[in-house]
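Student: Here it is, the structure, as structure tokens.
Rule-based calculations on the coordinates, nothing more; no lab input. It should be emphasised that the depicted structure is a prediction, and the values quoted were computed from it without experimental measurement. Ideal geometry is used to build each Cβ from the backbone, glycine not excepted, and the neighbour counts take in all protein chains shown.
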Amino acid sequence: MNKKRRVYFGLILSLFFTTGCWDSTEVNDIAIELAWGIDKAPNNKVKISAQVVIPSKISGGQGGGTGGLSKGKPYFVVSSDGMNTLDAIQRMQTKLSRLVFRGHRRVIVIGESMARQGIKDVFDTYTRDPNLKLRTDIFIVRGASAKEFLKTSYPLENIPSQGVLGEYNQMGTLTEIGLLNFLLSATSEGSCPAVPSVTIGMNSASQDERKQKNSNEEGFRISGPALFNKDLKLVGFLNVDEGRSMRWVAGVLNKLTVSAKIPQEEGNVSIDIYKIGNKIQPDIQGDKLKILVTLTGQGAIRENNTSLDLTQMNNIILLQKALDKHVEETVLQTITKVQQKYGTDVFGFSDAIRRENLPLWKSVKNDWEAKFREAEISVNADLTVRQIGVTGPSLQLNPNEIKK
């Protein structure tokens, strides 16, 4: 056999041994899960729900319709109960003709009842799974179950779970690290987890109005954060504005709009802040723990409903002082509310103390919840206006109404 024939023979032989994937799972044999739900079930069991894609109803599948979609929802929700998460998953799999693939999971939602009962045991499997996806966000379904949320359609997205990620991103929060942050807070010596919540329905409604609506209500909206204690039990909620304050202090905010009244001018302004910073400085004076929170930001004025001419530096300084005072008051109100009502350190003060002053942390860590409730916390804001838009005073003002 000459050299050329030996080369050809070797190539053919290598192809014979390398072709074929007999031990792999074909795409047509898997069910792609994009969202995951956890609820409380009767008899101390847990209910697991999955939002699974229907491939034939996604663009490129059979059928017509706008964007290549066939008629009907491009997803369905399957659920099952079990004594624990894996038991429920095993029972769920018997209802599916394809193996569930969780590599594309982006969202985990937890019903409020389950969250109040506690999720420490439920989350054990998430810390053991070597395929754990840390790029997953967690949401608490306020006033409803996770299964109800997963069944709720969303007008702007084919897959509803993608809609909640988009809404959360619009709030200027750092997405795709929710599970990582949750696990870090859960294992921290002092910090407690805070998880964003979502409410079914796109408009606010009273309790009576919500009862009258059917289960097919369309859409949902981001609510304020849900606060957990060290036992991983839900203890309460903050509203949306309080949630922004909490995230600013915790350093997990990347954009923000601040609107404030200008008392001297009987008007108001709004600023888009695009450079946001925070600093936590702990100190101990006698037996009293003191914490100074400094919040910084730079931004552009986007609305000016005063008579001030913002081309004048003295007026810019006036606005900055008013914005600083507004931020200091609102953030301090949020901190005080959490201290007095919940006593859970969702701001990361314990982590800051441990980084800045380890001996101080060792002296307070054994009684941190009480120390946090009693701590004297002050807030200092330092906002800088970098841009004022294309005009100084409001265009609707007469020249004699403008204050230079």
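Student: When we measure straight from the Cα of Lys255, which aspartates and glutamates land under 18 angstrom away, once same-chain ones fewer than 8 places off are left out?
Tutor: Answer for Lys255, where 18 Å is the Cα cut-off: Glu167, Glu176, Asp241, Glu242, Asp272, Glu303, Asp324, Glu328, Asp382, listed by chain and number.
Student: Further question: Write down the percent of antiparallel bridges among all DSSP beta bridges whose residues are both part of segment 240-404, to the nearest 5. Mind showing how you got there, number by number?
Tutor: Numbers: 23 of 35 bridges.
Antiparallel bridges make up about 65 percent of those DSSP assigns within segment 240-404.
Student: Would you please report the Å³ per residue occupied by the convex hull of the alpha carbon atoms in segment 205-364?
Tutor: Working: hull volume 29.2 nm³, N = 160.
Roughly 183 Å³ of hull volume per residue.
Student: How far, in nm, would the chain grow between Ile54 and Asp272 when pulled straight, counting 0.36 nm per residue and subtracting the alpha carbon separation?
Tutor: Details: separation 218, 0.36 × 218 = 78.48 nm, distance 4.06 nm.
The Ile54-Asp272 span can extend by a further 74.4 nm.
Student: Can you tell me the length gained on complete extension of the stretch Met202 to Arg135, counting 0.36 nm per residue apart and subtracting the Cα distance?
Tutor: Working: separation 67, 0.36 × 67 = 24.12 nm, distance 2.59 nm.
Result for the pair: 21.5 nm of gain on full extension.
Student: Relative to 2.2 N^0.38 Å, what does the C-alpha radius of gyration of segment 342-389 come to as a ratio? Two decimals please. Mind dumping the intermediate values first?
Tutor: Working: Rg = 15.4 Å, N = 48, 2.2 N^0.38 = 9.6 Å.
The reported ratio for this selection is 1.61.
Student: Which net charge results for the neighbourhood of Tyr274, defined as the other residues with beta-carbon distances under 12 angstrom from its beta-carbon, given Lys and Arg at +1 and Asp and Glu at -1?
Tutor: Cβ neighbours under 12 Å give a net charge of +3.
Student: For segment 247-336, which GluC sites (Glu not before Pro) are both in a DSSP coil and crowded by at most 14 other Cβ atoms within 10 Å? Don't skip to the end; give the middle numbers.
Tutor: On the way: sites: Glu265, Glu266, Glu303, Glu328, Glu329; in loops: Glu265, Glu266.
Those that pass, being in a loop and sparsely packed, are Glu266.
Student: Apply 1/(1 + (r/R0)^6) to the Cβ-Cβ distance of Thr125 and Thr311, taking R0 = 56 Å, and write down the FRET efficiency to the nearest 0.05.
Tutor: Details: r = 60 Å, r/R0 = 1.08.
After rounding, the FRET efficiency stands at 0.40.
Student: With the Cα gyration tensor of segment 311-366 giving a ≥ b ≥ c as the square roots of its eigenvalues, does the rule (a/c under 1.5 for rounded; else a/b larger than b/c for prolate; else oblate) give rounded, prolate or oblate? Spell out each step's value before the answer.
Tutor: Details: a/c = 5.30, a/b = 2.11, b/c = 2.51.
The shape class here is oblate.
Student: At 7 Å along the Cα-to-beta-carbon direction for both Arg386 and Leu332, put a label point, then send me their distance in nm to one decimal.
Tutor: With each label point 7 Å from Cα toward Cβ, the separation is 2.8 nm.
Student: Using modelled amide H (1.01 Å from N, peptide plane; none on Pro or chain starts), what sits under 5 Å from the amide H of Ala31, excluding residues fewer than 5 places away?
Tutor: Placed amide hydrogens put Leu99, Val100, Phe101 under 5 Å from Ala31.
Student: Fully extended, how many nm does the chain gain between Asn357 and Lys261 (0.36 nm per residue separation, minus their Cα-Cα distance)? Walk me through the intermediate numbers first.
Tutor: On the way: separation 96, 0.36 × 96 = 34.56 nm, distance 3.81 nm.
Roughly 30.7 nm would be gained on extension.
Student: How big is the Rg/Rh ratio for segment 229-321, C-alpha atoms only, Rh by Kirkwood, two decimals? Don't jump to the answer; show the numbers that get you there.
Tutor: Working: Rg = 17.3 Å, Rh = 15.9 Å.
Over the Cα atoms of segment 229-321, Rg/Rh equals 1.09.
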